[in-house]
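Below is one structure, written out as structure tokens; the observations come after it.
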There are 2 protein chains.
Amino acid sequence: MASPDTRTQILDAAEVIFAERGFSGASVRAITDLAGVNLAAVGYHFGSKRDLIAAVARRVIEPINVAQNVGLDRLLEQAPEPQVADLVSAFVGPLFDEIPADDIGGSRKSLLIMTIITDPAKEMRNWMGSTEAAVRDRYRTAFMRALPNISSAELEFRMRGLLAVVAVDRIEMNNRGTLDSSDELSGVSTRRWAMAFLVAAMKAPSQ
Amino acid sequence: MASPDTRTQILDAAEVIFAERGFSGASVRAITDLAGVNLAAVGYHFGSKRDLIAAVARRVIEPINVAQNVGLDRLLEQAPEPQVADLVSAFVGPLFDEIPADDIGGSRKSLLIMTIITDPAKEMRNWMGSTEAAVRDRYRTAFMRALPNISSAELEFRMRGLLAVVAVDRIEMNNRGTLDSSDELSGVSTRRWAMAFLVAAMKAPSQ
DNA sequence: GTTCGTTTCATACGATCGTATGAACTCTAA
DNA sequence: TTAGAGTTCATACGATCGTATGAAACGAAC
């Protein structure tokens, strides 16, 4: 069953280093040094750096996908056709919930998510699509019922916008978070701002 | 004055390689190989890889900033207080204009822009802020007049959303552009979709 | 206490990285 | 034609990269 300690320590350290330097900019040695474990531990527990990247990404993304699924389940229980605002909240909410804004680990995770989304290494997108695409499909059909005038393609564009706004905002907030002091205030505000911004955007008349 | 050929060939090749592999994932050798020039040419023309990154980023960002400035100038000539839709168009338009959607170089540039925005290497943000921040300030004051009920902080959030939606969309379109065939259609649509989405979002009531 | 699967360790390998160097080449001006 | 600045070239250096290896350490079962 493998001692969970070393494995977890590596995952935690990798999350930090990957967020700081990107996937290819991070060295296995930097990760094992931060984790306080032996260099060879990565090979033993994960096989290769590529597999470590996959494990780290999975650990960050999975709870978000689960929360998005649960949120949509709860909405569909209450009403067969949820409102746009509720769908937006259920979709982007987990990005705020699973990524605490004020602590260091939170900003680290948001950076990591964007690293995952935008990393040029295409390996990511292959193994990620499985569950992530399923969640997005569920939400898209729900959005299609709530916004019958919007075409499927345009809806996909808008859903991408949901993720983009929240993810980029968290990154930017983190970048200045190291300089500014009282970003707790803007941290709480951001969620309200994002909801107002995104709900209005989703409801925009079809173009 | 240095033969502009080699320098430009390096910049062109670096744009491709950086977009494909990220800054730290790209090797100088890969760039010079693609450019068909000698390895040492990077050292001679740019000094170091870091300086090459700066030069590439500057070449991509600068025309966008210029176009954004020109667009705002033109709006302010016509009316002292431009409308929201016009401001949005002038702000995100250059991202479409300077980055053709259908050709390969276009999607490459959009990827590169996102690489610049999100790259964990913080060196970027230092030398970039100079002119970029000035443009954003001009637009923020213009938006503040058009949207007097929105606080300055929330407005900054919303302007970040403008860039995020467009940039992420271009990346995603590029990612699937390699698979799909007829994305010229969605390429043209995207601009209209972005405008509808973003204008509605900017006009959202304050929260 | 000895055995044996599991985990950690120090260490080494070949590849590749960014950069530096000095010779060879090109081209213009005298 | 020659002098010299500007540019390109082949090549090498040390550092660091991901990965592999085999010995040491550990812990539970008998």
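Can you go through B:S181, B:S186, B:S110 and tell me which one is at pLDDT below 75, outside any helix (DSSP H, G or I) and small (G, A, S)? When all the criteria are applied, what remains is B:S181.
Residue count for segment A:153-164, restricted to those that are over 12 Å from the mean Cα position of the chain (by Cα) and either at pLDDT below 90 or at the interface with chain B (Cβ under 7 Å from one of its Cβ atoms) (or both): 7. Could we say that A:L39 is under 17 Å from the mean Cα position of the chain (by Cα) and more than 27 Å from A:L162 (Cα to Cα) here? In short, no.
Within the set B:P120, B:P94, the sole residue that is in the same structural domain as B:A164 (by TED's automatic domain parsing), within 16 Å of DNA strand D (Cβ to nearest atom), at pLDDT below 95 and within 24 Å of A:V168 (Cα to Cα) turns out to be B:P120. Listed by position, the helices (runs of 4 or more DSSP H) enclosed by segment A:1-52 that each have at least 1 residues that are modelled with pLDDT under 90 are A:4-21.
Pick out the one residue from B:V42, B:V66, B:V88, B:V56 that is more than 27 Å from A:G22 (Cα to Cα) and crowded, with 22+ Cβ neighbours inside 10 Å.
Details: B:V42 fails: more than 27 Å from A:G22 (Cα to Cα); B:V66 fails: crowded, with 22+ Cβ neighbours inside 10 Å; B:V56 fails: more than 27 Å from A:G22 (Cα to Cα).
Exactly one of B:V42, B:V66, B:V88, B:V56 is more than 27 Å from A:G22 (Cα to Cα) and crowded, with 22+ Cβ neighbours inside 10 Å, namely B:V88.
Does B:S24 count as near DNA strand D (Cβ under 10 Å from one of its atoms) and open to solvent by 20 Å² or more (accessible area, probe 1.4 Å)? Criteria met by B:S24.
The values are calculated or read from the model by the stated rules, or taken from the named source; none is laboratory data. Every value quoted in this text rests on a predicted model; they were computed, and no experiment measured them. All Cβ positions, glycine included, derive from the backbone under ideal geometry; neighbour counts span all protein chains shown. Just the protein is used for accessible areas: all its heavy atoms, side chains included, with ligands, DNA and RNA removed. Shrake-Rupley method; radii C 1.70, N 1.55, O 1.52, S 1.80 Å.
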